[in-house]
Structures are given as structure tokens and as C-alpha cells.
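> Quick one: this structure, given as C-alpha cells, is what I'll be asking you about.
Quick note: the coordinates plus some simple rules give every number you see, no bench work behind them. Keep in mind that this is a model prediction, so the values were computed, not measured. Positions of Cβ are backbone-derived with ideal geometry, glycine not excepted, and every protein chain shown enters the neighbour counts.
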């Protein structure tokens, strides 16, 4: 492709200054490319009637040139497009950026009260509409002027249609869809934190929060309490800030300096399912409501609150360091209000469609179907792929969520449980080959599911893709934990997880990378496959047989469609994915740094990945390399020492579960070892480096304590044998 003069590479971050209503056609052409766009309406009344949130662009409406300059500078575009150039704008202040203007030919620019007046009153029969880069004319479209009937308004519409043609032929071809979300936002650690003291000026602090609220670049603000080391909290508003300063004023500690010796941690701890579903990732429940940091101590949001329960310090307990928390984004309330106002709160509505388009883009697919959970997405994918009877075998990794195998059973098939590899904890290529070559099971295998674990691409990902093509079976990517991650394919191109398989599924449960509460989606390049999944998840209705067959069904399907309000929340949450990924990667880097001594001493091992892969680090897991040391032992000791730190065990091997025991589970020693040895650490996007240091320091203490205990047990055992 030949680029225009002076354009060395494709444009990824255009800023569009809109100066007229009626530009919807031009904007649609530009926004559909999937670029990361700043849309600045200047003047503010030049507000296009286009659902800009559908495309994930940032929108600014202002009449203040200083605000315009500040917003564009913060966005840092690689091109400014003025659409169309009708009024003066602070061009000189934006001189550091390349500026393209769509405008009438210079002969009519500056006509009062608008350019069309000069065209009509001077009797011109045609006028040029041009795209210019400084003094260089890039493209021109002529517009005919009908003297007897054209008004300023009809001429403006003609001009905008000419702009659309220029956009199609000149602008759209040089725009590059966003591939790497991480380029949209810097880790929180790069922001200068707000210094907070007891005497802080609340008005100044409030202005700071409002000034930093510019989604999707940044939502929460890093706050440092004066006199403390490092950033203490990520704060979303003045209410949370008030609670923090109150704690400082009262002399409350942010962490328990000395753990309670009487803290009774039951080995049989269980999930608090209500809280787990609504906060996401809290599975540790402590015995005794008197211990600081227990889930029972945290109010269940019966009172008005501007923050996730437990995400900020209170006057009586330390900050809760959660496994994961939702990252919904500031636009959720606005989108929900619009959905409610429309009256469409059922299914298949416009907000769900917007959410589906956003998810398809994130996963590198052409079509998506939003459903009510990741399990529902897996079910829809299995049915669409033809799984329907027990003789239909599907390879499933042993170390993953049980929903992976559950969905195969729900669809009517049989899961064939195969082992995983030690590096990334995902399906082992060798185990998959062994299953395909099995004399009994091999001929029955229709396809396989690969489930990248904890946000890290599978080590054998490309080998598994190639294997499926060679054996003529389909591949389903269970990316519920890992969407947003990328790999480099055999051609050297960077692709997103979800783009190389036959079909991909994701989860949008509250604690996932994009969280709506409960939800999921089926994504594929094959629109017919997605349509089939949608049909199965819509009760398998009769299609095209008229109104009197609307309640007739061709098969037994399920009603798994996503409701409209969750779609609205999903659009807002998807806007924050770039920030979520940046924070997750920063948190993992902190874990690598502060656990470095344990890694070098071979006491623990973090999850491995290929050098060319870019994980999203949904969770951070440590593998305990000390002989005789189990994740449960260390985890229970860690919770006793610091109840405010939430932990999670590794996945229970599918082949050891009662529903999947028997002849359809191959030996899975690696999965069983991972369950024994893995401990998952807090990974919420709300964590700061100080939080991670606290977790790492406590883990080291717990390891030292449990290693000593294990050595004592071994020593006592040897003495008993000798006696």
C-alpha cells in the first residue's frame, strides 16, 4: 500500500476535532477501523448523533480551547483530523502534531457567518472539498451547487458526503486497528501520586480526582499518605480519600503489625459464595468474626458506598488484599441509565450488540455471541461444533475450571481428561498426541479444548493449533482467564488469544479481565459458527416459519442469552481493559522483583511463558519447589499470619473429581502435582507495590515457618523409626 506523502507508517491513535453536526457518515467510516480514537467536539454543540461508546472512543465536548489542547496533548495522537474545518481552533498550540483538515477550498474559507453563505451569495456552480496536510493538498472532491434550490443546509450535507468519500479513499486505508491494548495506558506506578495528609485541602484533592478522570486512560488515583513509604491505595473518589485520612488521623495501621496468636484458621475453610460472586475471588473464610480482616467483618453493601467493600481502609481493619476485584469503569452508570431509559432491558438489545462487537475485537474474531456465563459460552461452543452424544470425545486439560468438562457433558459428549505441562500449566502437546493415538479413545475425538491458565498463553499453543489442523479436528480456546494476551504466530505476526482456534470462549464474571457480574461470550472468525451457538443458547427455535411457529423449537436448547443491562455494564468494563492489563503486568513485575530471592534459591517458581508471548497475568501463582511442602500448608500459615491477605489454591484435577473418574481420564501426574504445590496470591488491580511487598514478606515468613515444621516432622519420624 502506498501511503500519502509524509506518512511513514499506519495511524493508530487519531484525534478527531469535530466542528459540525451531521458527520455521522464520516465518523462511522473511521471508527469502524477499530482505532483508539479521541473525539473532540469543538465547539461543543457540534455533537454527532453516533453511538461513539459502541466503538470505545473517548469523547470530549468543550468550548474552551485550553481544555481541547490539554485533552489532545494527554491523548498524544499520531494524527489530528479536523472534520470539517469550519471555525478557528488552537492550531498553533497543536503544532507538535500532524494535522489533516477536511474543508472547503480556501477561496471560501472565512466567509461569514459560515462558508456556505459565501458559496451561494457569490453564485458559484461548484465548490471543492479538500483534504490538506499543511500546504499539501492530499485529495479533492467537487460538489455541484444548484443555484435555484440549494440552501446553506443542503450544501453542508453535500460537503459532508464529499468528506465521507475522501475518508473512505484516503483516511481509512492509513488507519491501523489497535492490536496491543498495553499501548493505551501506562501502569499506575508511572503516575505521580497525590500527597495526602490529615490537613489536606479537600477541594484541591477533589479537583485532582476530577482532573485525572479521563477514561479509558486512567480511573483510580494513586494516593500516598505523607510519612509512609510508597503508594498506599488506589482511590476512586473523595469518599475513599476521606476514609484513608480518617484512619491516618486516628493513628490506625494499614496492616496488622503483629498477627493475633489466637487467630483460629480452620483447615476446612469454604467459599463464601455470595461474596465470591459479587467481589470476585474471595474464597477464604476465617473462623471467628472478631479477627480483623475476615470476610464476616466487611459489610455486604447494605449501606450507600462509593467503593468496593474492603478495597479501602476503614477505621478498624487493615486494607483487604483481594485475589481479584471488578474493574467496571466510570461510564457504567451512564450506560445503564441509557439502557433503562430506552425501556429495552431484555435480550438481543443494542447494548448487548455493542458489547459483542467489543469482545470480538478484543479476541480477534469477526463475530461474538454474549451469554450469561463462561460455562454457557462453552456449552454453546460445544453444541455449535457438533458435540451431541457420548461417543463424541473432547480432549480437556486436567488443570482448569471444571466448567470446561461440564460443558462437554451438558452438550451430550464425553470429556477426555489429559495432562498439562509444568511451565504454563496448560494442555500438554505430548498428552494430546497420546490421546489422539489412543487405540480406543483416539478415533472418537472430535476436537480439543486448550485453556490458557491465569492469563498466560499456553506453552504448546502453536503446536496444538498445528496438531488440530493435521488431525482435522477443531480447537476451542477456553480463554476465560486469558483474553487480552497475545502470542507471535508462525508467520511472525502478533495475534490475540482467541484468533487461531476454531472458536474461542471467554468469561466476564465479576473478577475476570472484563467483569459484568456473570457473563461470557462465544467468539470466532466463522460467523456461521457463532450464529449456531447463538441458536443453541436461545432455546433452539424454529426459524423462518412465520409468527405462528414463534414458540416452536427444533431441538432442546438453553436460554443463556445475556440481558441488556449486563451488556451496558460490559461496554463500560471493556473500555477499562487497557488499564486493567497495564496494572496486571505492573503487579506481576512487582511480584517478580520482591520474590526474586526465593526464586533464585529454588524455593518457589513463578509461571513460565515464551519470550515472545505477552501474558495479562490475571492471577499470580507460585509453585513451591521445597520437597514435602504443600500449598495448603503454606497457605493456611500465611492466612494465620495475615488474615487480610486472600489466597486461592490451585485447581483440583478434573480426573480426580467424582463425575470424571474412570476410563475417560488419562494419567495426569503433572496436574496432581500442581494442585499439591501451587498457591495463588492476591492479584487485584487495586494492589499497589506496597501491598505486593507486604504479601511477599508474609509469604517468606510463612515459608520459613512451614519449612521448619516439615523438617521437624521428618526428624521426629526418623527418630521414631530408629527407636
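> Using the count of nearby Cβ atoms within 10 Å as a rough guide to exposure, how do 159, 513 rank from fewest to most?
Ranked by crowding around the Cβ, least crowded first: 159, 513.
> A follow-up question, please. Put a dot 7 Å past each Cα toward the Cβ at residue 593 and residue 62; how far apart are the dots in nm?
With each label placed 7 Å out from Cα toward Cβ, I get 3.3 nm.
> Dividing the Cα convex hull volume of the range 365-409 by residue count, how many Å³ per residue is that? Write out the running numbers ahead of the final one.
Numbers: hull volume 4.1 nm³, N = 45.
Residue-normalised Cα hull volume stands at 90 Å³.
> Can you sort 404, 696 from fewest to most other Cβ atoms within 10 Å of each residue's own Cβ?
Details: 404 26, 696 20.
Least to most surrounded, the residues fall as 696, 404.
> Using Cβ contacts closer than 10 Å as the measure, can you line up 355, 157, 651 from fewest to most?
Fewest-to-most ranking of 355, 157, 651: 157, 651, 355.
> Normalised radius of gyration for the range 461-603, please: alpha carbon Rg relative to 2.2 N^0.38 Å, two decimal places.
So the range 461-603 has a normalised radius of gyration of 1.37.
> Give me the compactness ratio for the range 14-178, meaning the Cα radius of gyration over 2.2 N^0.38 Å.
1.00
> Same structure again: Between residue 170 and residue 553, how many nm apart are label points set 7 Å from Cα along the C-beta direction?
Between residue 170 and residue 553, the simple spin-label model gives 5.6 nm.
> If packing is taken as the mean number of other Cβ atoms within 10 Å per residue, what is the order of 91-100, 25-34, highest first?
25-34, 91-100
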